[in-house]
1. Quickly run through segment 158-196 and pick out the residues that are surrounded by fewer than 10 Cβ atoms within 10 Å (Cβ to Cβ) and part of a strand (DSSP E or B).
2. Restricting the search to segment 25-46, which residues are out of contact with any Leu (no Cβ under 9 Å at 6 or more places or on another chain) and surrounded by fewer than 19 Cβ atoms within 10 Å (Cβ to Cβ)?
3. Testing VAL61 on (1) within 24 Å of the chain's Cα centre (by Cα); (2) under 13 Å from ASP84 (Cβ atoms); (3) modelled with pLDDT of 90 or more; (4) of a type outside the set (D, E, K, R), one condition comes back false. Which one is that?
4. Given the structure, is ILE83 modelled with pLDDT of 90 or more and either assigned by TED's automatic domain parsing to the domain that holds GLU18 or among the acidic types (Asp, Glu) (or both)?
5. Considering (1) surrounded by 11 or more Cβ atoms within 10 Å (Cβ to Cβ); (2) hydrophobic (A, V, I, L, M, F, W, C); (3) at pLDDT 80 or above, say which one LEU102 fails and leave the rest.
6. Within segment 74-89, track down each residue that is free of Cβ contacts under 8 Å to residues at least 40 places away in the same chain and either surrounded by 20 or more Cβ atoms within 10 Å (Cβ to Cβ) or within 26 Å of the chain's Cα centre (by Cα) (or both).
7. Restricted to segment 62-100, and to residues that are among the aromatic types (Phe, Trp, Tyr) and assigned to a helix (DSSP H, G or I), which residue is farthest from VAL14 (Cα to Cα)?
Amino acid sequence: MQTRNANPQIVVTVRHEEITESLREYAEKKVQGINLDYPRIIEAKVILDVEGGLRHKAEIVLFCANHIVIDASSTTEDMYKSIDFTIDKICRRMRKHKTRLLKRHRPKPEDTIKHLDESSYRADFLDNLPEEVTEDAEPFFVHKEAFRLRRLFKEEAITDLDLTERPFVVFQNARRNVVSIVWRKPDGEYGMVDVD
């Protein structure tokens, strides 16, 4: 999983004012500092505009993977403050895209066991059951799957669990160098156990 955008191309444009090197570096540093893992940033455009000498407007447009375009703008009395406010808006919108992606992979309420119709069995059906089972059923594998044990942090494993429909994730814990299992509890929280 990607935890940082790998050097996206950043274009800084200033209108109605001369750009200073410190302002350009500040804008580039702020865009490079967006370390959210979804959506992956491919290119960024930063447009800084001074309107009437008092209003400083910062607009940022991110071109991301999967044809996602995120843009935001802010106007304040200081250009650095405008850049900060715009970055905050961009981060909120990126989290919103990730939340939408995660909601798509969660089961819908009508697909869960809570919404199955109730049924009752007649008492005479229960009376006709054999008293003793003579053969023990031999266990068999329903599904066998091989996979490579990945080295992840706990947070990456939880995100991986949210993105798939698996009930648990087994991984090599990158912090403590042990095999760990993360699963989703019925109350929506997560559980984790280390295997020694």
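1. Result: VAL195, single match.
2. Keep residues of segment 25-46 that are out of contact with any Leu (no Cβ under 9 Å at 6 or more places or on another chain), which gives 25-26, 28-30, 32-33, 35-37, 40, 46.
The answer is GLU25, TYR26, GLU28, LYS29, GLN32, GLY33, ASN35, LEU36, ASP37, ARG40.
3. (2)
4. It is true that ILE83 is modelled with pLDDT of 90 or more and either assigned by TED's automatic domain parsing to the domain that holds GLU18 or among the acidic types (Asp, Glu) (or both).
5. Here LEU102 meets the rest and fails (3).
6. Our first condition is that a residue be free of Cβ contacts under 8 Å to residues at least 40 places away in the same chain; within segment 74-89, this holds for 74-78, 81-82, 85-86, 88-89.
If the condition is that a residue be free of Cβ contacts under 8 Å to residues at least 40 places away in the same chain and either surrounded by 20 or more Cβ atoms within 10 Å (Cβ to Cβ) or within 26 Å of the chain's Cα centre (by Cα) (or both), then SER74, SER82, PHE85, THR86, ASP88, LYS89 are the ones that fit.
7. Step one: filter segment 62-100 for residues among the aromatic types (Phe, Trp, Tyr), giving 63, 80, 85.
Checking which are assigned to a helix (DSSP H, G or I) leaves us with 80, 85.
Values: TYR80: 13, PHE85: 17 Å.
Applying the filter and picking the extreme gives PHE85.
The values are calculated or read from the model by the stated rules, or taken from the named source; none is laboratory data. It should be emphasised that the depicted structure is a prediction, and the values quoted were computed from it without experimental measurement. Methodologically, a virtual Cβ is constructed for each residue, glycine included, from the backbone with ideal geometry; neighbour enumeration extends over all protein chains shown.
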